[in-house]
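Notes follow the structure.
The values are calculated or read from the model by the stated rules, or taken from the named source; none is laboratory data. Note that this is a predicted model, so its numbers are computed, not measured. Every residue, glycine as well, gets a Cβ built from its backbone with ideal geometry; the counts of neighbours run over all protein chains shown.
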Amino acid sequence: MSEDITKVELRRIIRDAQKELKELTAVDRVDAEVKKWEEAHHLKIKLNDICKADNTTLVKLMRVPDFFYWAQLRGNQKAVDRDETWLQEAVRRGTSLEKMKERADDLKRKRMATKLNSRKTSRKRAQKNLEQFGMGLGDTEDKIG
């Protein structure tokens, strides 16, 4: 009978030790997540300070498209780093880095021209929509009111 008591006690001790280990690993995981949260919070504060200094918001900053130095001659892949796999493959097939750089420069100019002219096109669209109803941008108050 004394052997049964020791086996029971040993099983209880093992079970208690396993519970403690489980709790400790859970605490470690929680501590690691809290540390990540703290780092993210500090990064968020730094980004907000940068945005305030540039008179913008984080949302506007996230809308800014990624910058690139090389672009595929046919296709839509773009790269900042020469170590990109598609860029290395294109160079191995004989595509010139200079031509891909020229293509990237053209795409960047087109994107900026579109961005700069977007206000004009939205105004033109508004003008066109008003003209459908027999109004111009200058006489909206006269016709509506």
- request: Restrict the check to the stretch 54-65 and report whether at least one residue is in contact with a strand residue (DSSP E or B) (Cβ under 7 Å, 6 or more places away or on another chain), of a type outside the set (D, E, K, R), under 30 Å from Leu97 (Cα atoms) and touching a residue at least 24 places away in the same chain (Cβ under 8 Å).
  value: no
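Can you list the helices (runs of 4 or more DSSP H) lying wholly within the stretch 60-145 that have 3 or more residues being outside the structural domain of Asn48 (by TED's automatic domain parsing) and at pLDDT 80 or above?
Passing ranges, in order: 85-92, 97-132.
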message: Can you tell me which condition Ile50 does not meet? The list is (1) assigned to a helix (DSSP H, G or I); (2) over 18 Å from the mean Cα position of the chain (by Cα), and all the others hold.
response: (2)
- prompt: Ala32 versus (1) at pLDDT 90 or above; (2) in a helix (DSSP H, G or I); (3) of a type in the set (A, V, I, L, M): which is the lone unmet condition?
  reply: (1)
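Can we say Ser2 is over 25 Å from Thr114 (Cβ atoms) and either among the basic types (Lys, Arg) or at pLDDT 85 or above (or both)?
On the way: over 25 Å from Thr114 (Cβ atoms): yes; either among the basic types (Lys, Arg) or at pLDDT 85 or above (or both): no.
So Ser2 does not fit the description; no.
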